[in-house]
Structures are given as structure tokens and as C-alpha cells.
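What follows is a set of notes on a single structure, which appears directly below.
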Amino acid sequence: MPENQPTSSLSDHFEPRIVAFFCNWCTYLAADLAGTSRMKYAPNARVIRVMCSGRVDPQFVLDAFAHGADGVFIGGCHPGDCHYQEGNYKALRRYHLLKRVLKEMGIEEERFRLEWISAAEGDRVRSTINDMVEKVRALGPLDWGLREEEVLAEEAAA
Amino acid sequence: MLDKPKIAFYWCASCGGCEEAIVDLAENILDISAAVDIVFWPVAMDFKRRDVEARVDASIQITFLNGAIRTTEQEEMAWLLRAKSQLLVALGSCSHLGGIPGLANLFDRHEILRAAYLESPSTVNPERTLPRTKYRDNGHSVELPVLESSVRSLDQVVDVDYYLPGCPPTPRMFLTAVQTLLGNEIPPKGSVLAPDRALCEECPRKDSKPEALSLDGFKRPHQVLIDEETCLLAQGLLCLGPATRGGCEALCVQGNMPCSGCCGPTSRVKDQGAKMLSSLAALISSKDADEIVRLLATVPDPVGSFYRYCLPSSLLRRRRSPAKAEAVSAGGAR
């Protein structure tokens, strides 16, 4: 891990790593707007631009958690506003089912979030990301990959 | 005369169904036993572990190992058979993906031991004895294998050459695999010995699958009279055909039961459960969040439904144990 990255560790300096999938037509533009409007918000989100929130395969979310994300955020268009008519509804349905899977796997609800943010709502990018970072910070690191090593080490010691 | 190729079979955390599938070859097993020497098969023949240990490394041409890896003994056997074999084939869902025993990854080892030895209604254990790995009596020391904290697929423990999927693989799939591996042109290492296409492609009900599906929730097989001709998904049954590899000739669907996903994902999918969840959730007709939640409640057990055979090989592999930190600080009572 590069040294200038915030690290997930049990030290006092825990900085949550949030993987954020932003829809090209709305939330990504809203983040752009937040930037050009010089709004300040938590730098913890790694934004990945996708063409539609409906493009976010649940595998992307699980892969992010498995590889060190402390939280995953999906930003899509408001209901009725999808550039592809139905993509955000598909995202919504997947989100609700995936949330149940994550819960069963022991991942707290606050670590996975879906928000509708239009291109005009730069301030909403700021407030939702800030809010999520604080909630995940309170939960502490997820450390999924490390946990795997821990389990194996426990086995070796057994 | 040249020696016949040596073949071995072994089982780890499994139910024995894969062994049944081999016996189900019926008279074809005579052709196999005429073509090869079986040098190890604890279920059916009287060979011991020391017979395998005595062999020269790589002197077994093919070992078919079924079952997931859960105990230290199974792990040792996997290493031993890997060393003695030229080709190691993961036979069946458990070995390939973790299988049904892999659902134990939703619990930790302590919970499992508690449930099995203390809490189950049929257990009588007034002294609350739990299995111990070491026991001394009259100067004799007895050891039992350790129950590892997670179930693993075979390739999470040793290098695997081929996978033969299915719960169990059909006798025909097994026969084809043996013929292929004993032939001159063997497939590239790491291949899954089944067609790389979704089950729907070979489903006899394929033509009745609508172009666009929209569902008001799902039904379980005991809740409906299932039509024998129509696509099961179209009837609202949770059929995993779209996200499952074919090769089994849709035997379950032919028996009027939905596919439960035993052959695992195709090569283009990393996490079969997530892919199926993605595909099925998108079919829900509603656009209202509350109604979506209500309709999705007709899938009562998402992990058990979508990850029935593949939890240990999924992206997350096992449930996170929230009690972990406390267990460590309590001195790791084991």
C-alpha cells in the first residue's frame, strides 16, 4: 500500500476508505459541481465513474469490500430520471437484496449506501459523503483481507 | 507391456455423493478399471494412507479428490495426494467451490461445536464434553484432527489442475472427463471440465423463457404446482440456470425442480451468488423501495439460495465474526 494513502488500521488515525460508484449523468456531474463550487468534503471517497448506477454489478461491491474498502457508496439518478430509463430501479432492487447478503456476512448496514443525487446537487455529494465517512469512521476498519490472514494465522497456531 | 495409468480417489468434507456418482457409472466402471489401476480409494478399496506415502512422487497419473477442506487431516491428505499425483482434479462442488459444507462459513468454529455438542435438541451431554484434539490415557496419547476455522475449496489449499463441477458430477460428465484426461490432447491447466455456457442454453424449457421477465416476487417449490413445460423462472421459481454453468443436461429441471447452482459459475463470472442476485433482483417489477423490499422478502435466505455451493470460493469467502475481538481478548478459549 502506498504510504500517502490513508491506512485502515486499529491506530487512532483510521481514515475510512470509501469506494464510490458515481453515475456519469448525475452524481458524477454533481461531484464535478461540488468541485467547481469549491465545496470542501471528506477526501475518503475513491470515485469510480460508471455509465449508470444500474451498471454496478454486485460483484464490484463485494470485490471492493474484499480488497480493503471500509464502505461502498453508489450514486445514481433520481427515480424517473435515469438516462437509460430503468437502470436506477435495477440498482435499487439489487441494493436491497445485496444489503441482506452483506448483513448475513457480518458487514454493517452503514458501510453500504445508495443515494439519488442529480447533477445540480453538488451540496448533496458533500453532505452524504461526509455523513457516510463519519458513520464508517465510528464503525472502524473492516479489514476484510487482513481478517482472512488472521483466521489462517489462528489456524496455524491451533 | 506398459503399466496402466494409476488413478486415486479421495474424499474430504463431503457427503459421499460423488463416490456414488462414480459407482453409478454401472458397467462403464468395468471399462475404467480395465484401462487404469486404482491405487487408492478408501470408500471402496482397502488401501491405507501409508500405501500412498510409500509411492514415488508424481507416480499417480490422476487423483480425483472430492470434498472441501475443513480439518488438518484433510489438508495433509490434500498435500500428500498433490505431491504423489501428476494431475489433481477437484471432483464435485465441495472440492471445486466449497459446496454445501461451505455454508458453515456463516458460523465460526466455536458456534458449530456448541451447536453440535451442546445445544442441539437431540444431544445428551450433561458433562458438556467438547471434542479435544489431544487426549492422554494410561500413558497413551491420542490425537484428533483440528477443525479449522473456515471451510476451503481444494484450490485454496493446494494447486489444482482441473475441476469437475456438479453436486455430484453426472456419471456421464465423469466418464467424459476420464476419457479426456487419459487421452492425448488434454485441456489447458485450470479448465473446468464442462461446457463454458449457462445452463439455460441447454435447458429443455429454453424456448418458453420470455424475452423480458418481470416478477412480483418468488415462490418456493412447495408453494406452487409447477408446470412441467414452462421456464421455471417465468413461473416465479428461483432457478439459478442463468448464472450456472451447464453440462449436467439440466437434470433438476427435467425433474421439475429449479436449478440450485451446483455446477458453479462460467469462466466470465467471479462470484456466482452475486451474479445471480444481480440478475434476479433486476427482474422484480416494482419501482417503489418499500414494495421492492416486500417482494424481495420472498427470497427468505439469500445467502443460502445464491451461495448454496460456492460460499468459500466467493469474493467474501466467509462471514465476518463480530465476536472475534472479544474472543481474542478472552484468551482465545478453545
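The values are calculated or read from the model by the stated rules, or taken from the named source; none is laboratory data. Not measured: the values here are computed from a predicted model. Counting neighbours? That spans all protein chains shown, and the Cβs are built from the backbone with ideal geometry, glycine included.
The rows are residues; the columns are (1) basic (Lys, Arg); (2) under 25 Å from B:Gly98 (Cα atoms); (3) loosely packed, with under 14 Cβ neighbours inside 10 Å.
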site: B:Asp196; (1), (2), (3): no, yes, yes
site: B:Ala212; (1), (2), (3): no, no, yes
site: B:Leu232; (1), (2), (3): no, no, no
site: B:Gly247; (1), (2), (3): no, yes, no
site: B:Val293; (1), (2), (3): no, no, no
Checklist entry - What tally of residues in the range A:50-64 results from selecting those that are part of a loop (DSSP other than H, G, I, E, B), within 8 Å of chain B (Cβ to nearest Cβ) and either in contact (Cβ under 8 Å) with a residue 40 or more places away in the chain or surrounded by 24 or more Cβ atoms within 10 Å (Cβ to Cβ) (or both)? => result 0
Checklist entry - Pairs, please: C-beta under 6 Å, at least 6 apart or cross-chain, first residue assigned to a loop (DSSP other than H, G, I, E, B) and in the range A:120-133, second buried (at least 22 other Cβ atoms within 10 Å of the Cβ)? => result A:Glu121/A:Ala30
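Would you confirm, using the coordinates I've provided, whether B:Ser85 is at pLDDT 95 or above, in contact with a strand residue (DSSP E or B) (Cβ under 6 Å, 6 or more places away or on another chain) and under 25 Å from B:Thr133 (Cα atoms)? Outline the logic, then answer.
Values: at pLDDT 95 or above: yes; in contact with a strand residue (DSSP E or B) (Cβ under 6 Å, 6 or more places away or on another chain): yes; under 25 Å from B:Thr133 (Cα atoms): no.
No, not satisfied.
Restricted to the range B:105-137, and to residues that are basic (Lys, Arg) and surrounded by 12 or more Cβ atoms within 10 Å (Cβ to Cβ), which residue is farthest from B:Ala13 (Cα to Cα)? Give the steps one after another, and end with the answer.
Looking only at the range B:105-137, we keep the residues that are basic (Lys, Arg), and these are B:109, B:114, B:128, B:132, B:134, B:136.
Pick out the ones that are also surrounded by 12 or more Cβ atoms within 10 Å (Cβ to Cβ) and you get B:109, B:114.
Working: B:Arg109: 15, B:Arg114: 19 Å.
Among those residues, the one meeting the criterion is B:Arg114.
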Next on the checklist: Checking the structure you have, find out if any residue of the range A:65-75 is within 14 Å of chain B (Cβ to nearest Cβ), in a helix (DSSP H, G or I) and in contact (Cβ under 8 Å) with a residue 24 or more places away in the chain.
Outcome noted: yes
Checklist entry - Do you know which residues across the range B:7-54 are surrounded by 14 or more Cβ atoms within 10 Å (Cβ to Cβ) and part of a strand (DSSP E or B)? => result B:Ile7, B:Ala8, B:Phe9, B:Tyr10, B:Trp11, B:Ala13, B:Ile38, B:Val39, B:Phe40
Checklist entry - Can you tell me which residue in the range A:76-98 is nearest to the chain's Cα centre (by Cα), limited to those that are buried (at least 18 other Cβ atoms within 10 Å of the Cβ) and either basic (Lys, Arg) or more than 10 Å from chain B (Cβ to nearest Cβ) (or both)? => result A:Gly76
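Return the residue satisfying two criteria in turn: it lies in the range A:134-158 and is crowded, with 18+ Cβ neighbours inside 10 Å, part of a helix (DSSP H, G or I) and within 14 Å of another protein chain (Cβ to nearest Cβ), and of such residues it is modelled with the highest pLDDT.
Taking the range A:134-158 first, the residues crowded, with 18+ Cβ neighbours inside 10 Å are A:136, A:141-142, A:144, A:151, A:154.
Filter again for part of a helix (DSSP H, G or I), leaving A:136, A:144, A:151, A:154.
Filter once more, so that each one left must be within 14 Å of another protein chain (Cβ to nearest Cβ): A:144, A:151, A:154.
Values: A:Trp144: 86, A:Val151: 64, A:Glu154: 65.
Top of the filtered list is A:Trp144.
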Checklist entry - Looking at (1) touching a strand residue (DSSP E or B) at 6+ places or on another chain (Cβ under 8 Å); (2) facing chain A (nearest Cβ under 8 Å); (3) of a type in the set (S, T, N, Q), which is the only condition B:Ser278 fails? => result (1)
Checklist outcome for this item: Taking first residues from the range B:215-239 that are within 19 Å of A:Lys90 (Cβ to Cβ) and second residues anywhere that are among the aromatic types (Phe, Trp, Tyr) and part of a loop (DSSP other than H, G, I, E, B), the pairs with Cβ under 8 Å that are 6 or more apart or on different chains are B:Gly236/B:Phe218; B:Leu238/B:Phe218
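Yes/no per residue for (1) aromatic (Phe, Trp, Tyr); (2) within 19 Å of the chain's Cα centre (by Cα); (3) within 30 Å of B:Asp3 (Cβ to Cβ); (4) not assigned by TED's automatic domain parsing to the domain that holds B:Gly247:
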site: B:Ser59; (1), (2), (3), (4): no, no, yes, yes
site: B:Ile62; (1), (2), (3), (4): no, no, yes, yes
site: B:Asn66; (1), (2), (3), (4): no, yes, yes, yes
site: B:Leu91; (1), (2), (3), (4): no, yes, yes, yes
site: B:Ser120; (1), (2), (3), (4): no, no, no, yes
site: B:Pro126; (1), (2), (3), (4): no, no, no, yes
